[in-house]
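Trainee: Okay, handing you the structure first.
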Amino acid sequence: MPLHRRHTAPPLSALPYTDCAAKTQPDGSPGVSVLDHGVRTAEVARELVRFLPRGLRETFGTAAVSAAAAHDVGKVSPGFQKKIANPALTAQTPEVARRSL
């Protein structure tokens, strides 16, 4: 007997990561995409790193910008998208919207 359970649910079609929302608008509709949010966050981090003392900037500068850019990558998951963008998700991948995640 295997030590792990086999996943038997049918595979989900993927929502393109470029269509995944990172934020919602005040009316609840999907806002800025995860990709755009990551790019903006990286640019802010790049500017903030400029103000670090030289030793810290040389040690952490590039890594800090990369970490900032990637901090919301988990928002491309079906569960998060279902939580914040269900109407848009329903239109694009109805089987994800219907599934209990």
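Trainee: Amide H neighbours of Ala21 under 5 Å, at least 5 residues apart or on other chains, H built in the peptide plane: list them.
Mentor: Val34
Trainee: Let me ask something else. Taking 22 Å as R0, compute the FRET efficiency from the Cβ-Cβ separation of Val44 and Lys23 and round it to 0.05.
Mentor: The formula returns an efficiency of 0.90 here.
Trainee: Each residue of the range 52-57 in order: what ³J(HN,Hα) in whole Hz does its phi give by Karplus 6.51 cos²θ - 1.76 cosθ + 1.60, θ = phi - 60°, with x for Gly and Pro?
Mentor: My calculation for the range 52-57 gives 6, x, 3, x, 5, 4 Hz in order.
Trainee: Moving on to the next point. Mind grabbing the base-10 log of I(q)/I(0) for the range 33-80 at q = 0.18, 0.21, 0.25 Å⁻¹? Debye formula, identical points on the C-alpha positions, no solvent, two decimal places.
Mentor: Debye intensities relative to I(0), on a log10 scale: -0.54, -0.67, -0.82.
Values quoted throughout were computed directly from the atomic coordinates according to the rules given, and no laboratory measurement underlies them. Since we're looking at a predicted model, the values are computed, not measured. Note that we place each Cβ from the backbone using ideal geometry, even for glycine, and neighbour counts take in every protein chain shown.
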